[in-house]
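The values are calculated or read from the model by the stated rules, or taken from the named source; none is laboratory data. All values derive from a computational prediction rather than experimental measurement. Counting neighbours? That spans all protein chains shown, and the Cβs are built from the backbone with ideal geometry, glycine included.
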Amino acid sequence: MRNKVLLILLVFILSLCIVTACSSNTPSAANTEEAQETQQPKELNKDIQEENKTDFETAKPDESNADDSDAQKPEETASAAPDISKVEESKPEQSEKIPQETPQPKPDEKTLLYIEGSGIENSITLSLDELKSMKDAFYEDDFFSLNSYGTEEYFHFKGVKIKAILDKTVLKSNASTITFIASDGYKHQMTVEEALREDYIDEHNPEKKYPVIIAWHENGKDYDPNKGAPFRLVIGQKEPGDVNKPQWVQNIVKIIVE
């Protein structure tokens, strides 16, 4: 009896298992509707994602615009850079340094020529450089000389006309004589009229006319101030046979007009 009961119970359990298995393989209507409802949200999400993707692509900036914006960046940077010229202009001006005048060296006493006397309005002192700067009065030529021994010789001189020097002093109407004084005390005197003449001659070339000059250069060399005042009186001949060499006073330091 017990065995029959167990057998019936076993058959019942097997039947129950078979029914359960079949019911799980066959979805119910409710389960089908739930599956459809579950699928619909998924499809809806897919549509939403596609719409979002389209919106995102639409919202992406145009590449050309991006390039233009990149190209404008240097200009923006340049415009942002401060104007150097304006910065420099805004700087406070530095006080300009006033150039100091270089003191001019005093001329050597050995190279000074003094012109004075009662026959002139202005006593003046001329340096060697000042005489050389008198371009309008510059004179250069070969002068013929004749000494008391009958020696004839030519010398080449550079200097200035005595007339130009006297013009600087302004001769008085009563001036009559001019005395040239050398550093050793030697003197030569001549009249104002003789000093102003410009028609002295060379007896070998009487057509040529010479002025009276104060020379600083003889035969290719300037006079050396260390050997005496660098000025010499040079005058041509008044007439053929005129002994003019003794009148050529060397190392002149002073001219006196009276």
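Quick notes
- Filter pass, THR179 being farther than 22 Å from ASP141 by Cα and either under 46 Å from the mean Cα position of the chain (by Cα) or surrounded by 19 or more Cβ atoms within 10 Å (Cβ to Cβ) (or both): no
- Qualifying positions in the stretch 206-224 - surrounded by fewer than 18 Cβ atoms within 10 Å (Cβ to Cβ) and farther than 18 Å from SER145 by Cα: LYS221, ASP222, ASP224
- Single residue of the stretch 123-146 satisfying the filter (among the polar types (S, T, N, Q) and closer than 10 Å to LEU112 by Cβ) that is surrounded by the fewest Cβ atoms within 10 Å (Cβ to Cβ): THR125
- Checking ASN174, ASN219, ASN226 one by one, the residue that is closer than 26 Å to ASP142 by Cβ and either in contact with a Cys (Cβ under 8 Å, 6 or more places away or on another chain) or of a type in the set (S, T, N, Q) (or both) is ASN219 and no other.
- With respect to the stated conditions, ASP129 fails to be modelled with pLDDT of 95 or more and out of contact with any Ser or Thr (no Cβ under 8 Å at 6 or more places or on another chain).
- Number of positions in the stretch 183-201 that are outside any loop (DSSP other than H, G, I, E, B) and without any contact (Cβ under 8 Å) to a residue 12 or more places away in the chain: 1
- Residue count, the stretch 202-254 (criterion: over 47 Å from the mean Cα position of the chain (by Cα) and assigned to a strand (DSSP E or B)): 9
- For the stretch 153-167, the tally of residues that are under 21 Å from MET134 (Cβ atoms) and either of a type in the set (S, T, N, Q) or surrounded by fewer than 16 Cβ atoms within 10 Å (Cβ to Cβ) (or both) stands at 2.
- Filter result (surrounded by fewer than 19 Cβ atoms within 10 Å (Cβ to Cβ) and over 16 Å from ILE181 (Cα atoms)) within the stretch 228-244: LYS238, GLU239, PRO240, GLY241, ASP242, VAL243
- Of note, TYR114 satisfies the criterion of being within 49 Å of the chain's Cα centre (by Cα), of a type in the set (Phe, Trp, Tyr) and under 17 Å from THR179 (Cβ atoms).
- Considering each residue of the stretch 143-154 in turn, at least one proves to be of a type in the set (S, T, N, Q), modelled with pLDDT of 95 or more and in contact with a Lys or Arg (Cβ under 6 Å, 6 or more places away or on another chain).
- Enumeration of residues in the stretch 206-237 that are at pLDDT below 95 and of a type in the set (Asp, Glu): GLU207
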